[in-house]
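The values are calculated or read from the model by the stated rules, or taken from the named source; none is laboratory data. Because the structure is predicted, anything quoted here is derived from the model rather than measured. Here Cβ is always computed from backbone atoms with ideal geometry, including for glycine, and neighbour counts include all displayed protein chains.
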Amino acid sequence: MKKIYASLLVLTFLSASVFSGNNPAVPGESRASFFSDEPTIYIYPNPVKSFATISFTYDRVDKVSILNIVGKEIRTITFEPGVKETKVNLVDLQPGVYFLAAYDQGHTLVTKKFLKEE
């Protein structure tokens, strides 16, 4: 009987981790934001049709790259110190799955998956 309760407890914990978004292994997310100082990047609306706003919560992002599904860099957006948001024109992107990668001095801080619609 103890074994059944232990199994249920583990399954409950795993389900809560996956569905709350706190699992770093969830596809499209490279990090979980457990702490407020963890970098997070947002793109909205998602899915994107033409224009999107990209913002992040980390002070030292110097560039954001848009990558295609195989990881090829499609576009790079550079940021001045202190700027944490920009609006980008994505009309020229083909419909599909893309990733945003935020960098600080060449080190990847966080990635985010987004969809481009027609």
- request: Go through the stretch 93-110 and give me each residue that's in contact with an Asp or Glu (Cβ under 7 Å, 6 or more places away or on another chain) and touching a residue at least 24 places away in the same chain (Cβ under 8 Å).
  value: Tyr103, Asp104, Gln105
- request: Mind listing whichever residues of the stretch 46-88 are among the hydroxyl-bearing types (Ser, Thr, Tyr) and within 14 Å of the chain's Cα centre (by Cα)?
  value: Thr53, Ser55, Thr57, Tyr58, Ser65
query: Residue check, Lys112 against (1) charged (D, E, K, R); (2) modelled with pLDDT under 95; (3) within 15 Å of the chain's Cα centre (by Cα), all met but one. Which one?
result: (2)
